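What follows is one structure encoded as C-alpha cells, with my remarks underneath.
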Amino acid sequence: MKRLFSLALTCLFLPFTVSAAQTWANDGSPATVVELFTSEGCSSCPPADRVLGSLKEESGLWEEVIPLAFHVDYWDYLGWKDRFARTEFSVRQRNKVREGKAKGTYTPGWFVNGHEWTGFFSRKPVPTGVGNPSGKLEATLDNATLSIKYVPDTSARHHSLTAHIALLAMNQVTEIKRGENRGKSLTHDFVVIDFARLPSSGQTWTHAIPGGVKADALAVWLTPGETGSPIQTVAGWIASK
C-alpha cells in the first residue's frame, strides 16, 4: 500500500544503563545511511522491513551501511496503532518531500544518504558503501549521556554542522490484531526509538538519553547544515547490562 500526499514503547521502558562508558570512533570514510519509513499498519511494509533487517548480516554493517527504520503514524487510522510510530517521524518524511528529496510521502519509503531511493520496488539491492574521508567522529556513551566530538581533516570546509542521533532496537516482535496486517507476526530490526537532531556551529554535541529508553545500537551522522548527505558517520552495538 502506497499513499501519496503534497516517540513511548512499553516493551522498551526499562532503565537505560550501560556496563561501562563506551566509545565509538571513525576516522575513515562515512558509511551509507539508509532510512526506511515504514508502518505496522501498511500491508506493503513487511517485505521492506525484512530487507532492511537482512542488513544485520552484512559484513560492512556500521562501517559501510547504517540501517534505520522510522515508523510513521499516518496509517494508524486504519485500525492498528503502530507502537513504534511517532508523529515527528511522519513530519521528518514530509519535510524531505518539501525539500525536494522525494516525490511523495508514502510507505515503504526509502532514503539513501538523504535522497529518495526507489530501487527496492525493482528488487535492487540496498546500496551500501563509503564516501570520502573527512575527519574523525567520536561518540561516547556514559550511562544516559551521549557526548559527540568531531575533528575535521585539513581539507574540510564545513562551518555549520548538524549531528543526527538515533538509538535503535532490534528483534522486536508484534502480533498484529487489526488493520491490513491482521493476524501477522511482524519482526522489526533497526527501529529508531529515540532520535535527535542537534545543530551547532562547533564540533561538539551532548545528548541526554530519555529515561526508560533501552537500545541495542546507536548511530550518529553529521550533515552540513540541517540537511544534506552525511559527511561522517559512526555507529555500533551498545553493550548493556
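The values are calculated or read from the model by the stated rules, or taken from the named source; none is laboratory data. From a predicted model like this one, the values you see are computed outputs, not experimental measurements. Methodologically, a virtual Cβ is constructed for each residue, glycine included, from the backbone with ideal geometry; neighbour enumeration extends over all protein chains shown.
Here is a list: ASN181, ASN143. Which entry is closer than 21 Å to SER240 by Cα and over 19 Å from the mean Cα position of the chain (by Cα)?
Values: ASN181 fails: closer than 21 Å to SER240 by Cα.
After ruling out the rest, the residue left standing is ASN143.
Every listed requirement among (1) modelled with pLDDT of 95 or more; (2) more than 19 Å from the chain's Cα centre (by Cα); (3) closer than 30 Å to VAL130 by Cα is met by TRP75 save one, (3).
Of all residues in region 180-191, those that are assigned to a strand (DSSP E or B) have Cβ atoms under 9 Å from Cβ atoms of residues that are acidic (Asp, Glu) and modelled with pLDDT of 95 or more, 6 or more apart or on another chain, in SER185/GLU175; LEU186/GLU40; LEU186/ASP49; LEU186/GLU175; THR187/ASP49; HIS188/GLU40; HIS188/ASP49. Out of the residues in region 15-53 that are surrounded by fewer than 18 Cβ atoms within 10 Å (Cβ to Cβ) and within 20 Å of ALA196 (Cα to Cα), which is modelled with the lowest pLDDT? Filtering first and then ranking leaves PRO15.
Figure legend. Inter-residue proximity from region 200-213: first residues at pLDDT 90 or above, second residues surrounded by 15 or more Cβ atoms within 10 Å (Cβ to Cβ) and among the β-branched types (Val, Ile, Thr), beta-carbon distance below 6 Å, spacing 6+ or different chains. Indicated pairs: TRP205/ILE148; HIS207/ILE165.
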